[in-house]
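Visitor: Sending over a structure as structure tokens; questions will come in a sec.
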Amino acid sequence: MMNYAPLNVLPTDIQQDWMAGLQRQVSQQAQGHFYLVNIRRTKPKSFEEQRVIVLVVDENGFPIPNVPVAFSYSTADQYVLTPDFLWTPPSPPRAFIVPTAGSGQIDQIQGSGVKQGQPGGITVYLFEPEYSSDVVTGLGMLADHTGLHLTFQLRRNGVTPLMDRIASLEARVAALEAG
């Protein structure tokens, strides 16, 4: 169980090295939102090199399988939104869309490097019709084979994370014991 907080801005080194950006467009019609809660570099010369890795977790920090992840780039296939979409993904409507595995994780191997200080060509967001998503732009692999690992957390409307419920119960017990 993990207690995450949404990122409001990307770390400075990731902004500088990838020219990456974070966009948040929470839809009032959606039943919740996927927030970017963590981003880190992957290590070159490891099993994570050359990849943009996405991990999706629920409110309690547990992995969520079968969440469609959109890796959007200029030559990706076009998609058409179905009428059940409660939010509008970024344009253009082009992406390689693949679901997370049982571990809640999926990755895309990068074939060409991003020059340090220039934007990468990959945009990542989650592609669920009922939940809006943060959008991370400018991703890719640096020349040294360093990639990125992103963690998105689903926050559904009306769902209180388990850690928050436990903290509330502990506070109530402490108040009863003190009273």
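What follows is calculated from the coordinates using simple rules that are stated; it is not laboratory data. All values reported here derive from a predicted model rather than from experimental measurement. Neighbour counts are summed over all protein chains in view; Cβ atoms, including those assigned to glycine, are modelled from backbone coordinates with ideal geometry.
Visitor: Determine the sum of side-chain charges near Glu59: Lys and Arg each +1, Asp and Glu each -1, restricted to other residues whose C-beta is under 12 angstrom from that of Glu59.
Guide: Around Glu59, the charge tally is +1.
Visitor: For Ile39, Ile122, which order do you get if you count the other beta carbons within 10 Å of each Cβ and list the fewest first?
Guide: Listed from fewest to most nearby Cβ atoms, that is Ile39, Ile122.
Visitor: Which of these, Ser103, Ser133, Ser46, has the largest mean-square fluctuation under a Gaussian network model of the chain (Cα springs below 10 Å)?
Guide: Ser46
Visitor: Taking the chain as a Gaussian network, Cα atoms linked when under 10 Å apart, which of Ser91, Ser72, Ser132 shows the biggest mean-square fluctuation?
Guide: Ser91
Visitor: Let's see if you can work this out: charge +1 on each Lys and Arg Cβ, -1 on each Asp and Glu Cβ, no other charges. What is the dipole magnitude of segment 12-178 about its Cα centre, in debye to the nearest 20?
Guide: That gives a dipole near 260 debye.
Visitor: Would you work out the relative contact order for segment 12-178, in percent, from Cα pairs under 8 angstrom that are 6 or more residues apart?
Guide: 39 percent
Visitor: Another question, then. Using the number of other C-beta atoms within 10 angstrom as an exposure proxy, rank Trp18, Trp87 with the fewest first.
Guide: Final ranking by Cβ density, sparse to dense: Trp87, Trp18.
Visitor: What does the charge add up to near Asp134, with Lys and Arg as +1, Asp and Glu as -1, over the other residues with Cβ less than 14 Å from its Cβ?
Guide: Counting the neighbours of Asp134, the net charge comes to +1.
Visitor: Within a Cβ distance under 14 Å of Pro68, other residues only, what is the Lys/Arg minus Asp/Glu net charge?
Guide: Result for the local shell: -4.
Visitor: Dipole of segment 12-178 (Lys/Arg Cβ +1, Asp/Glu Cβ -1, origin at the Cα centre): which of Phe96, Asn66, Gln31 lies farthest to the positive side?
Guide: Sorting the options by dipole projection puts first Phe96.
Visitor: Using a Gaussian network model on the chain with a 10 Å cutoff between Cα atoms, which of Met163, Met19, Met141 fluctuates the most?
Guide: The residue with the greatest mean-square fluctuation here is Met163.
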